[in-house]
Structure formats: C-alpha cells, structure tokens
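The structure under discussion appears below in the form of structure tokens.
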Amino acid sequence: MKRPLIVLMIAALALTVSVRQVNAADPPAGIRYAPPTTTLATGRLSYTPGEAIDWRYTLYNGNDQPLVLTFTSSQTYDLVVRQDGRMVARWSTGKAFADVMSTRTVMMGETMELNGSWKLATELTIGTCELEFILASTTTEPTGAKTQFAVGKASVVDLGVNFTTNKLIYRVGTTMTVKYTITNLTDQPIVLTFPSSQQFDWTVTDAEGNLVYQWMATKRFAAGITHLTIPVGTSDGFESSWNIPRDLEPNGFYIHFTVLDDSLGVLKTQQAAVLMGSTPPSN
C-alpha cells in the first residue's frame, strides 16, 4: 500500500510545481495595461493649397506604468498628407536629422503634447485630405493619429462673412448663441450647395482641444443634395444656440462654425474664442 501512495504523492508534487511555473509567468496582480490614447487636431477645418496648417498632437498614458519613448535620431515625428488614398506630401522629405539617440518618459496619467505648423503643397486639389501623425519612436505601442481637413478655394471675391457669439464671457447654466452671416456683394446670385439637408455644423472645444459640444451630434438630416440661393445685395444667416451645462469646468473655449459648402474656401469655417465659468444663475 505504501508504494502506490508514494507514487501518488510524487505525481501531485510534480503537478503543483508545473502549475506554479505557469503562474510565475503571469503579470503581477494589480498591473493594468491600457494602450496610449492619441489625438490629432488642426487649427482650422479648411485650408487653401500652399497655406500653412497648424497641428496639435497629444498622447495620454492611461497605463499604471511609465511609457518610455526611444528616438534613434533627432527626428521625433513625421507628418503625411494623403488625398484620395495617395500620399501627396511628407513633412520629413528633404530634411536632415542628427544621429543622436534620446528618450522621453510619459508618466502614468500624463499627457505629452507636440504641435507645429507646416506649409501645405501648392498642388493639392479641392477636396478632402487626410493628415497622419507618426511618432518616430521605436516603441511597439500604437502612437499614431489621423485627422481630416478640407482643401478649398481662396476667399470668394466680394462675399462678406461675419461670425459672432452673443457674448464673450458666459456663466455656466446660461445659453450661448452663435451666428454666421453671408452677404452677397457680387452682381449675380450666389448658390450654395450642401451634400444633405444639413447646411452647417458647429463645435465647442476647450483650450486643450477636447470636444465639449457638437451641434450635429443629436440631429438627423435627410439625404440628397440641397441648395441655398443668396440674391444680389442680400444676406443669409445660420444661427444656433446651446445651453451650457451647469457642471462645466471654467476654462477658455473655441467655437468653430462651418458652413458645409466647399466653394466658400477659407470662409467656410470661422472661429471665435470665449470664456465660460463662474457660478450658474439663480433659478
């Protein structure tokens, strides 16, 4: 009886050792992995060929371990512009970078920000472009980001545009009203063309570029091309309002108002800056 018992004890011991060896390779309890969160934004939604585009890239480390970025040269990033799926420009083309290795550590809960300005190629055609940001780090983490912007014509001659907010400083819990007005100063009617029944959109972003509000997010629009005619010497306006949440943190904010007609070129999108904060009004 003792011999079979000894054999069973040896087998159980071997199984215990095997299980412990497997578990030893598992990550320590409590370690959480979260890929970096990246954003890429441009200063405006529409540019003309040859114009300088302002961009802003952020990388947030939501992990509970530091993220170490290693760069094998003095180049820390690259930018690529694509149109119709074809690369039409690359920021690093024709530039020289020193063979100097460096590192940058993004701590837990920290956001790294890079920004700059880049003159667009003059051969861009009217339409939509994709801007891609590439972090020139050896890390295997996903650190790239993409966004889109429109390429439009230069300002329409003899076309007046006015964009206003009803205030410059708002208290939370009150209403913000924005208005975009187009005046036809030409000698013939102007026809604006829209891809659907939606004629405009506008957003509110904070000073860090985070989206706070987008007008179209809760709207539905009928499909099909629509038109708006502005007779000679007259104006047409796009007006909208937003009830500012009472729990909004005080900050500086940017308002971007966009009319969805590419023929307006650089007049298509207008920007305004406002301040929002303080205590809400009493009921």
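The values are calculated or read from the model by the stated rules, or taken from the named source; none is laboratory data. Everything quoted here is computed from the prediction, not taken from an experiment. When we count neighbours, we look across all protein chains shown, and the Cβ atoms used for this are built from the backbone with ideal geometry, even at glycine.
Remarks
A quick yes/no check of all residues on (1) of a type in the set (D, E, K, R); (2) out of contact with any Asp or Glu (no Cβ under 6 Å at 6 or more places or on another chain); (3) in the same structural domain as residue 48 (by TED's automatic domain parsing); (4) part of a loop (DSSP other than H, G, I, E, B):
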{"site": "201", "(1), (2), (3), (4)": "yes, yes, no, no"}
{"site": "204", "(1), (2), (3), (4)": "no, yes, no, no"}
{"site": "221", "(1), (2), (3), (4)": "no, yes, no, yes"}
{"site": "228", "(1), (2), (3), (4)": "no, yes, no, no"}
{"site": "282", "(1), (2), (3), (4)": "no, yes, no, yes"}
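- Candidate set: region 249-276, residues that are assigned to a loop (DSSP other than H, G, I, E, B) and over 20 Å from residue 41 (Cβ atoms); chosen: the one modelled with the lowest pLDDT: 261
- Residue 179 satisfies every condition listed in (1) under 22 Å from residue 76 (Cα atoms); (2) in contact with a Ser or Thr (Cβ under 6 Å, 6 or more places away or on another chain); (3) surrounded by fewer than 18 Cβ atoms within 10 Å (Cβ to Cβ) except (1).
- Count - residues of region 73-91 that are aromatic (Phe, Trp, Tyr) and under 11 Å from residue 118 (Cα atoms): 1
- Annotation note: of 42, 111, 48, 38, the sole residue that is farther than 30 Å from residue 261 by Cα and among the polar types (S, T, N, Q) is 111.
- Matching residues in region 32-72 - criterion: being farther than 13 Å from residue 113 by Cβ, surrounded by 15 or more Cβ atoms within 10 Å (Cβ to Cβ) and among the polar types (S, T, N, Q): 42, 46, 48, 63
- Among the candidates 94, 127, 144, the residue that is farther than 30 Å from residue 276 by Cα and without any contact (Cβ under 8 Å) to a residue 12 or more places away in the chain is uniquely 94.
- Check on residue 202, surrounded by 15 or more Cβ atoms within 10 Å (Cβ to Cβ), closer than 29 Å to residue 56 by Cβ, free of Cβ contacts under 8 Å to residues at least 40 places away in the same chain and in contact with a strand residue (DSSP E or B) (Cβ under 8 Å, 6 or more places away or on another chain): no
- Qualifying residues in region 182-199 (those that are part of a strand (DSSP E or B) and of a type outside the set (Ser, Thr, Tyr)) - the one surrounded by the fewest Cβ atoms within 10 Å (Cβ to Cβ): 191
- Only one of the numbered conditions (1) of a type outside the set (Phe, Trp, Tyr); (2) within 30 Å of residue 60 (Cβ to Cβ); (3) at pLDDT below 90 is violated by residue 195, and that is (2).
- Among the residues making up region 198-253, a single one is small (Gly, Ala, Ser) and touching a helix residue (DSSP H, G or I) at 6+ places or on another chain (Cβ under 8 Å): 240.
- Search result, residues across region 206-219 that are modelled with pLDDT of 90 or more and in a strand (DSSP E or B): 211, 212, 213, 214
- Taking the numbered list (1) farther than 30 Å from residue 279 by Cβ; (2) in contact with a Phe, Trp or Tyr (Cβ under 9 Å, 6 or more places away or on another chain) in turn, residue 224 passes all entries but (2).
- Those residues of region 168-181 which are at pLDDT 90 or above and assigned to a loop (DSSP other than H, G, I, E, B), in sequence order: 172, 173, 174
- Within region 83-104, the set of residues being surrounded by fewer than 12 Cβ atoms within 10 Å (Cβ to Cβ) and either among the β-branched types (Val, Ile, Thr) or at pLDDT below 90 (or both) comprises 84, 85, 93, 100, 103.
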